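A.B. asks: Have a look at this one before I ask anything.
The values are calculated or read from the model by the stated rules, or taken from the named source; none is laboratory data. Everything numeric in this text was worked out from a predicted model, so none of it was measured. A quick note on method: Cβ atoms are made from the backbone with ideal geometry, for glycine too, and the neighbour counts reach across all protein chains shown. Just so you know, the surface numbers come from the protein's heavy atoms only, side chains and all, with ligands and any DNA or RNA stripped out. Shrake-Rupley method; radii C 1.70, N 1.55, O 1.52, S 1.80 Å.
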Amino acid sequence: MHRPQPGGDRPTEPHGPVDTGSAKKGLRQDFDARARAARTDFEAQLRQRRADLGARNEALTARTGRNLPAAIGIALAFAVVMLGSLLLWTPSFMVVAAFLLGVGVYELTSAMRFAGRDVPRIPSVAVAIAIVPASFLYGQVAALFTLLGGIVLISLWRLVEVTVARQKPSAGNVFRDLTNGLFVQAYISLLGACVVLLSAQPQGNLWVIGFILVVVAVDTGAYATGLNLGKHPMAPRISPKKTWEGFAGSVAASIVVGILVSWLMLGLPWWTGVVLGVLISGSATLGDLTESMIKRDLGIKDISSFLPGHGGLLDRIDSILPSAAVGYVLYLIVNH
C-alpha cells in the first residue's frame, strides 16, 4: 500500500516570489478611483442642492417681493450695531443715527433727481446729519430750529441754482422742487430726530430697543400671515403684496411683543404694551405704504441700490421712522 510522503498533502508552493509592488499599486489605483467617484458624486449633490435652494429662494422672492435671506442678514447686522451702540455707550448711537439718516436722505434726494425733481443733495444730507447731535445733546427746541434752518438753507440753495442756471425752469417746477425738499426733511430728518430724542431720555435706550422690537414683530407677523393666508389686498395700487390678513397678523404679533417689552423691559403695566402694539402696528404699516407710494410716484422699484440685490437703506427703515414718533410721544405721556 502506497503511503503518502511527509508533506505530500501540503499545497504546492508558487514558483518564484509574489509581486507585492503590483498588488499595492492596484489597490492604490482602486482606492483613488473610488475617491474620485465619491468626490464627483458629492460635487454633483452639492450643485443640485444649490440649484434647489436657488430655485426655492427665487420662488420665495417672487411670492414675497424681497430676498428673504438677504433681508434677515441685513436685519441681524443692523441689530448688532444698534444694540451695541445703545447698550454699551448710548452717545455712540449718534454715529449710527447720523449714518442712517444721512444715507436715507441721500437715497431719496437722488431718486427724486433721477425723476426730474431737483432737490439739492448736499444741504439736505447736511441737515439730516446736523439734526442728530442737536437732538441728542440739546433737545427738542434745538432739533426744531435745526430743521427749520435747514429747510431755509435747502430752499435758498435751490433758488441760487435756478438763478445761475442758463436754462431757467418753470415756476411750477421750482415750487415742486422746494416742496419736495421740505418733504424729505419732514419725512426722514424730523421722524429720525424722534429716535435720537428718545434715546437721550432716561431709559430711552431701552425704549428705542423696545419699539424697534415691536416694529420687527409687525413686519414678521405681516410677512408670515400674509404669505400663508393673505387673499385680500389692502392697497393693491400702492403695495399689491400687502393684505388685510397680513395686517391682522401684524397687529396680533405687535400686541404680544408689546406686552412682553412693556412688562419685562420697561417695567410698565401690561396694557401699555397693548397700546404700544396697536399704535406701532398702524404706524409701521403706514410707513411701509408711504414709502411704496413714494416709489410708485417716482416710477422706481427701489429707492436705491445701496444694498446690492436688496434695494436701499430707506427701504429697511421706512417702518421705523413713523414708529419713532409714536414711541417718543408715548414715552412723554407715560413719564409726564
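A.B. asks: Can you list the residues, at least 5 places off or on another chain, whose amide H is less than 5 Å from the amide H of K242, using H built in the peptide plane?
C.D. replies: It is M234, A235, by chain and number.
A.B. asks: In addition: Once you have the alpha carbon radius of gyration of the range 265-336, what is it after dividing by 2.2 N^0.38 Å, with N set to its residue count?
C.D. replies: Compactness ratio reported: 1.38.
A.B. asks: Determine by what factor the alpha-carbon radius of gyration of the range 193-327 differs from 2.2 N^0.38 Å, reporting the quotient.
C.D. replies: Cα-based Rg divided by the globular estimate yields 1.08.
A.B. asks: Another question, then. Residues with amide H under 5 Å of L313's amide H, sequence separation 5 or more or different chain, H placed in the peptide plane at 1.01 Å from N; which?
C.D. replies: Amide H neighbours of L313: F306, L307.
A.B. asks: Related question: What ³J(HN,Hα) values, in whole Hz, does the Karplus curve 6.51 cos²θ - 1.76 cosθ + 1.60 give for the range 234-244 when θ = phi - 60°, with x put for Gly and Pro?
C.D. replies: 7, 9, x, 6, 9, 9, x, 8, 8, 10, 5
A.B. asks: Expressed in nm to one decimal, what extension gain is obtained for the pair L229 and L286 from 0.36 nm per residue of sequence separation less their Cα-Cα distance?
C.D. replies: This chain segment gains 18.4 nm when fully extended.
A.B. asks: Note down the magnitude of the dipole of the range 264-336 about its Cα centre, charges +1 on Lys and Arg C-beta and -1 on Asp and Glu C-beta and zero elsewhere, to the nearest 20 debye.
C.D. replies: 40
A.B. asks: Now for a separate question. Express the carbon and sulfur contribution to the solvent-accessible surface of the range 229-276 as a percent, rounded to the nearest whole number, probe 1.4 angstrom.
C.D. replies: On the way: 2110 of 2800 Å².
Ligands and nucleic acids excluded, carbon and sulfur reach 75 percent.
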